[in-house]
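Have a look at the structure below, then the notes.
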Amino acid sequence: MKNGIELEIRDLHAGIEGKEILMGVDLTVRQGEVHAIMGPNGSGKSTLANTIMGSPKYEVTTGTVRLGGKDLLAMKPEERAREGLFLSFQYPFEIAGLPFSRFLQAAYKAQHPLEVMGPVKFREKLKETGSKLGIGQDFIERELNVGFSGGEKKRAEILQMMVLRPKIAIMDETDSGLDIDSLKLVADAVNRMRSPEFGALVITHYKRILNYLKPDFVHVMYRGRIVKSGGTELAEHLEEKGYAEILKEAGVKIIEAVE
Ligand SMILES: Nc1ncnc2c1ncn2[C@@H]1O[C@H](COP(=O)(O)OP(=O)(O)OP(=O)(O)O)[C@@H](O)[C@H]1O
Ligand SMILES: [Mg+2]
């Protein structure tokens, strides 16, 4: 039987400028699975995503992060991407002077070195994939994220993910700022990617996207730890009861007010 690879996070502690933010995260995401992480503002969700991807801003103090058994923490961000990891940023950055299509083709070549695809064929592929997300050709020729609206940036991130075909994707609030039609487009795109060769970790504040994505697991993060895990019912309970009650039920000591 073929087993997919897994992203395995063990007792991860990380922080910034001496301030500890992640205080022992344990999580395993296998290919073929979709996990959602929810949690109050400032609980460390983006820190977790950026630390897994290797942002130099964050310092790992202890713990391990492995992809398919390989030590990700020993790799540079681009090496992690080459291993098949993808992060869709909460706040995608703009790069003036770099056309979106050129950026994506360079990333594609780096991540699929054995596939030969000329620029014309690559553009065709981009155009075809873009049309599924309501992204036109003119958009693809523009500078990366420069002047893109908030929702356009998020859709551009999903276009990158669809073209790059990562083994494990982390989506940090890709649904925030999307109108309802775009949200459906994005959720459909992720659903179409679901396969035994694709796993996802979806960070969100809203149950709405989870109605479309139907994650296999839902986790609640609070003060740098995953304090509760369950299925989609957990997202429903959160929506009904709010964080304070769910955390109380989980026996978590609440340090400050949470909505
Ligand atoms: N560059 C930084 N400098 C100082 N503190 C930081 C920095 N980045 C993150 N933090 C702190 O780390 C904590 C966790 O932030 P993080 O962005 O990971 O939270 P989050 O769960 O993604 O929140 P949100 O739901 O608002 O996106 C916060 O208290 C934040 O202020
Ligand atoms: Mg965040």
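The values are calculated or read from the model by the stated rules, or taken from the named source; none is laboratory data. Here the structure is a predicted model, which is why all the values come from computation and not from measurement. Note that we place each Cβ from the backbone using ideal geometry, even for glycine, and neighbour counts take in every protein chain shown. The protein model used for the area step is the full one, side chains on, heavy atoms only, and it has no ligands, DNA or RNA in it. Shrake-Rupley method; radii C 1.70, N 1.55, O 1.52, S 1.80 Å.
Considered as a group, the residues in the stretch 34-56 that are within 6 Å of ligand 1 (Cβ to nearest atom) and open to solvent by 10 Å² or more (accessible area, probe 1.4 Å) include one that is farthest from Met75 (Cα to Cα), and that residue is Asn41. Can you tell me which residue in the stretch 197-220 is most open to solvent (accessible area, probe 1.4 Å), limited to those that are assigned to a strand (DSSP E or B) and within 24 Å of Gly68 (Cβ to Cβ)? Residue satisfying both the conditions and the ranking: Phe217. Within the stretch 31-84, which residues are within 14 Å of ligand 2 (Cβ to nearest atom), without any contact (Cβ under 8 Å) to a residue 60 or more places away in the chain and basic (Lys, Arg)? Passing the criteria: only Lys57. Residue count for the stretch 60-84, restricted to those that are more than 20 Å from His13 (Cβ to Cβ), exposed (fewer than 15 other Cβ atoms within 10 Å of the Cβ) and under 19 Å from the mean Cα position of the chain (by Cα): 3. Apart from one condition, Leu87 fits all of (1) part of a strand (DSSP E or B); (2) away from ligand 2 (no atom under 16 Å from the Cβ); (3) surrounded by 15 or more Cβ atoms within 10 Å (Cβ to Cβ); the exception is (2).
Scanning the stretch 159-196 for residues that are under 14 Å from the mean Cα position of the chain (by Cα) and assigned to a strand (DSSP E or B) gives Ile168, Ala169, Ile170, Met171, Asp172. For the stretch 197-216, a residue qualifies if it is over 15 Å from the mean Cα position of the chain (by Cα) and within 21 Å of Ile9 (Cβ to Cβ), and the qualifying residues are Glu197, Asp216.
If the condition is being within 12 Å of Asp179 (Cα to Cα) and free of Cβ contacts under 8 Å to residues at least 60 places away in the same chain, then the stretch 145-159 contributes Ser149, Gly150, Gly151, Glu152, Arg155.
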